[in-house]
Each structure stands twice: as structure tokens, then as C-alpha cells.
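Contents: one structure, followed by commentary.
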Amino acid sequence: MKGCSCRSTPRFGWKSRYFTQILRSKEAAAMIRSLFLSMQELNKGARRPQNVPPTKVKKLAVIGAGFMGASVGLRLGARPAST
């Protein structure tokens with residue numbers, strides 16, 4: 001267990017340095033800004049068709065528990081709907 005005997009800073013220091021470089025890049029700033037603005041527009045119903053009324057979902061099933069299925073299930077678990 002050689003990895004466990006050293007302090008955590010040397011083991012993970014290089015990862016935090018690379019993560020900080022990526023996070024501070026121009027590309028990351030543009031993605032965060034555009035995704036945040038897109039999410040605000042979507043929450044306001046910006047791309048919803050005009051002639052389609054909102055629908056109330058009473059029951060929903062999630063098939064598959066990969067990354068997407070787990071995320072959908074997690075988000076739906078916080079809502080007052082039967083899953």
C-alpha cells in the first residue's frame with residue numbers, strides 16, 4: 001500500500017493543477033456562460049411550441065440506470081410524482 005503511506009497533497013496535486021488550468025480557460029468560461037444562459041431560457045419556456053399546452057406528468061418510469069438514467073431518476077425523486 002505504498003500509495004496510502006504518502007500525504008494526499010502530492011498524490012492529487014497534479015490533478016488539481018490541471019483542473020484549475022482547465023477551469024480558468026477561455027473555453028470553459030464560454031461553455032459555462034452559454035450553458036447557464038441556455039438553461040435560463042429553457043426554464044422560461046423559450047423553445048416551447050406556442051400551440052402545445054403544458055402537460056402534467058402523473059407517473060413516469062426510468063429504464064436503465066446509467067449516468068443519464070440515474071440523473072433523471074434523481075431529479076424526479078425530488079418531485080411529487082409517482083415513479
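Length gained on full extension, Tyr18 to Leu76, computed as 0.36 nm times the residue gap minus the Cα-Cα distance: 17.5 nm. Principal axis analysis of the Cα atoms in the stretch 19-83 yields extents of 44, 33, 18 Å, listed in decreasing size.
Legend: ranking of residues Phe19, Phe67 from fewest to most surrounding C-beta atoms inside 10 Å; resulting order Phe67, Phe19.
Throughout, read-outs are computed from the coordinates displayed, never taken from laboratory work. Since the model is a prediction, treat every value here as computed from it, not as a measurement. Here Cβ is always computed from backbone atoms with ideal geometry, including for glycine, and neighbour counts include all displayed protein chains.
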